[in-house]
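Here the structure comes first, spelled out in structure tokens, and everything after it is commentary.
The values are calculated or read from the model by the stated rules, or taken from the named source; none is laboratory data. Keep in mind that this is a model prediction, so the values were computed, not measured. Here the Cβ positions follow ideal geometry from the backbone for every residue, glycine too, while neighbour counts run over all protein chains shown.
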Protein chains: 2
Amino acid sequence: MSTTPKPFFERVCFIGFGLLGSSLAQVMRRDGLCDHICVNARSQETLDKALELGLCDSTQLDPGQAVEGADLIMICSPLGSFGAVARAIGPHLKPGAIVSDVGSAKKCVYREIAPHLPDGVHLIPGHPVAGTENSGPESGFAELFMDRYCILTPDENTDPQALQQIQSLWQAAGMNVEIMNVDHHDQVLAITSHLPHLIAYSIVDTATQLGDEMQKEIFRYSASGFRDFTRIAASDPVMWRDIFLENRDAVLDILGRFDEDLTTLKRAVRQGDGETLHKVFTRTRAVRRGIIDANQHVPEDQKV
Amino acid sequence: MSTTPKPFFERVCFIGFGLLGSSLAQVMRRDGLCDHICVNARSQETLDKALELGLCDSTQLDPGQAVEGADLIMICSPLGSFGAVARAIGPHLKPGAIVSDVGSAKKCVYREIAPHLPDGVHLIPGHPVAGTENSGPESGFAELFMDRYCILTPDENTDPQALQQIQSLWQAAGMNVEIMNVDHHDQVLAITSHLPHLIAYSIVDTATQLGDEMQKEIFRYSASGFRDFTRIAASDPVMWRDIFLENRDAVLDILGRFDEDLTTLKRAVRQGDGETLHKVFTRTRAVRRGIIDANQHVPEDQKV
């Protein structure tokens, strides 16, 4: 565990309260990292659920009122809402407040949020790389972040003290915090996360269009490879729609490379070129070893 | 568990002895389903390992001599070897012997093996849909087949008694046996297994070509989707090369459909068409529920 002193915030406001927000709230409750948690969400149902779960002290449907007096505003809503959220909360932010987020693309945070923040408010874009295919406040759990990576993407104007605060917060949640250039973040995540999701969505969608009888059999024999894709393709539709729209350039770039590589394999299959297939399949096998080595510290139940 | 009487074979010969062969040998040893197991493989190393593991009574480098006197010949070598194996063993098969296999494509069994079998020898093509990314005789375990499906693809000339024997064998291993038309098998597996593997191989290969520095980061952040693909893309290269070559038509057909669907998603990303993305992602989420419902009997540790 980290030896960094634990951070403390008097008043925290969550904008959006799904898997990540509710999990972080659980960590803050558990470790006493704040005095008061206010939750803002678009539906009264989510607010009621947050209260019922004991994960907040107050709720507020209006984002502007929700952030009044908050030291930390953690935006956990889908990326597509960031512009509207920033416009709504901007005029209500307290001087010295820290605005952070958990979005899976980071360039758009500077584009959509930064212009609406008043002077003296600190923006720390963040991305805890953790998740399950479940969504909603009831799916959260404090251990979600344990031993995972959290990427922060400050720029040259970032306040070092605010950065330290957010770093300590995620360390308290058990994460390994990495600082990364914002463009580089969006490229790395396009290949490790966004492309795999787009591919998985696509292949599962192909299967859904083969008719009912075939689909029943696909379900039955899914253990042979298909099933791994269905877990990914069950991820939250709104969250993922927004990721693809907001990280469009990096996703299209890596998708172009993938297309080329798949075309090579397709041609090898069509031409009966076993040598090319064998060469590629041997190369990819080695990657598994690299992943296992890079994840030595991952807890037993999350091991690859 | 099944109430079918357990089958018994005096002499069993395995041609090829990797994950599936060694796992089945473990089942046969455990349940006393045969008197003698002879293993044939291409390398002396595999034969030595099979003996050392106590999984056979004799070994034989020559396939013709290996099948002498055997009641059951279980071909567990890669699909690409089937023609040569059949030519080698054909003249040595005992009348009444059953020849079966565990290959992932089944039309090629009729094409490659059937022509070389003498009259009075029974061919029962089979496909136990089970596996891990590990290969070799030391990776086998008797529980591999438990509660999984095994597909048998007899035709109108298949001997009912021989079919019953193989069915009982896989039931003894804990499998749910299904009878399927051979063409249909190859189509269903092309979508549930072969396409997912080709896609996974392709995406992991794309990642390997992005340079060392990027690759290190891909390993680090692989938990966000990529990692699921690396497990699949670590599957045995020779086995999978042969699957794609032997089930070429069905694979190319489903790959064509996948290409179309991916192009639709790519266009939606490029055009910022969030509505299409959301529609597809919502549809695919429902598939997960279908898979979970269809796998209610799957043991806890193998649950989706």
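Inside region B:129-149, can you point out the residues that are buried (at least 23 other Cβ atoms within 10 Å of the Cβ) and either at pLDDT 95 or above or more than 14 Å from every other protein chain (Cβ to nearest Cβ) (or both)? Result: B:Pro137, B:Gly140, B:Phe145. Residues that are within 21 Å of B:Gly256 (Cβ to Cβ), more than 7 Å from every other protein chain (Cβ to nearest Cβ) and surrounded by 14 or more Cβ atoms within 10 Å (Cβ to Cβ) within region A:266-295 comprise A:Ala268, A:Asp273, A:Thr276, listed in sequence order. Total residues in region B:7-27 satisfying the condition of being within 14 Å of B:Leu53 (Cβ to Cβ) and either buried (at least 24 other Cβ atoms within 10 Å of the Cβ) or without any contact (Cβ under 8 Å) to a residue 24 or more places away in the chain (or both): the figure is 9. Taken together, A:Ser193, A:Ser235 contain a single residue that is over 30 Å from B:Met175 (Cβ atoms), at pLDDT below 95 and more than 7 Å from chain B (Cβ to nearest Cβ), which is A:Ser235.
Within region B:242-251, the residues that satisfy the criterion of being within 21 Å of A:Asp228 (Cα to Cα) and either facing another protein chain (nearest Cβ under 7 Å) or of a type outside the set (A, V, I, L, M, F, W, C) (or both) are B:Phe244, B:Val251.
Sub-8 Å Cβ pairs linking a first residue in region B:200-229 that is in the same structural domain as B:Phe258 (by TED's automatic domain parsing) to a second residue that is surrounded by fewer than 17 Cβ atoms within 10 Å (Cβ to Cβ) and polar (S, T, N, Q), at least 6 apart or interchain, are B:Ala223/A:Gln302, ordered by first then second residue. Would it be correct to say that A:Phe219 is over 13 Å from the mean Cα position of the chain (by Cα) and of a type outside the set (A, V, I, L, M)? In short, yes.
Any residue at all in region A:34-54 that's under 21 Å from A:Leu152 (Cβ atoms) and assigned by TED's automatic domain parsing to the domain that holds A:Ile124?
Of the residues in region A:34-54, the ones under 21 Å from A:Leu152 (Cβ atoms) are A:34.
Filter once more, keeping what is assigned by TED's automatic domain parsing to the domain that holds A:Ile124: A:34.
Within region A:34-54 (the criterion being under 21 Å from A:Leu152 (Cβ atoms) and assigned by TED's automatic domain parsing to the domain that holds A:Ile124), the answer is yes, since at least one residue qualifies.
Do we have A:Ser202 as at pLDDT below 85 and facing another protein chain (nearest Cβ under 7 Å) here? No.
Evaluate the following for A:Thr158: is it of a type in the set (S, T, N, Q) and under 30 Å from B:Ile203 (Cβ atoms)? Before the answer, list the steps.
Numbers: of a type in the set (S, T, N, Q): yes; under 30 Å from B:Ile203 (Cβ atoms): no.
Criteria not met by A:Thr158.
Yes or no, residue by residue, for (1) over 15 Å from the mean Cα position of the chain (by Cα); (2) buried (at least 23 other Cβ atoms within 10 Å of the Cβ); (3) of a type outside the set (A, V, I, L, M):
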residue	(1), (2), (3)
A:Gly120	yes, no, yes
A:Gly126	no, yes, yes
A:Val182	no, no, no
A:Asp186	no, yes, yes
A:Ala190	no, yes, no
A:His194	no, yes, yes
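Among the residues that make up region A:204-224, is at least one of them under 27 Å from B:Arg220 (Cα atoms) and not hydrophobic (A, V, I, L, M, F, W, C)? The answer is yes, given that some residue of region A:204-224 is under 27 Å from B:Arg220 (Cα atoms) and not hydrophobic (A, V, I, L, M, F, W, C). Mind listing just one residue for me: the one in region B:90-101 that is among the hydrophobic types (A, V, I, L, M, F, W, C) and over 22 Å from the mean Cα position of the chain (by Cα) and, of those, nearest to B:Val129 (Cα to Cα)? Once the filter is applied, the top-ranked residue is B:Ala97. Residue check: A:Gln171 meets all listed conditions (1) over 16 Å from the mean Cα position of the chain (by Cα); (2) surrounded by fewer than 20 Cβ atoms within 10 Å (Cβ to Cβ) but one, namely (2). Among the conditions (1) buried (at least 22 other Cβ atoms within 10 Å of the Cβ); (2) more than 7 Å from chain B (Cβ to nearest Cβ); (3) at positive phi, A:Gly225 misses just one, which is (2). Of the listed requirements (1) surrounded by fewer than 24 Cβ atoms within 10 Å (Cβ to Cβ); (2) in a loop (DSSP other than H, G, I, E, B); (3) not charged (D, E, K, R), A:Ala105 misses just one: (1). What are the residues in region A:28-57 that are small (Gly, Ala, Ser) and surrounded by 24 or more Cβ atoms within 10 Å (Cβ to Cβ), if any? Of everything in region A:28-57, those that are small (Gly, Ala, Ser) and surrounded by 24 or more Cβ atoms within 10 Å (Cβ to Cβ) turn out to be A:Ala41, A:Ala50.
Residue count for region B:130-164, restricted to those that are in contact with a strand residue (DSSP E or B) (Cβ under 6 Å, 6 or more places away or on another chain) and touching a residue at least 60 places away in the same chain (Cβ under 8 Å): 2. Do we find a residue being closer than 22 Å to A:Asp261 by Cβ and of a type in the set (S, T, N, Q) anywhere in region B:198-206? The answer is yes, given that some residue of region B:198-206 is closer than 22 Å to A:Asp261 by Cβ and of a type in the set (S, T, N, Q). In the set (1) loosely packed, with under 15 Cβ neighbours inside 10 Å; (2) of a type outside the set (A, V, I, L, M); (3) in contact with a Lys or Arg (Cβ under 8 Å, 6 or more places away or on another chain), A:Asp62 fails one condition alone, (3).
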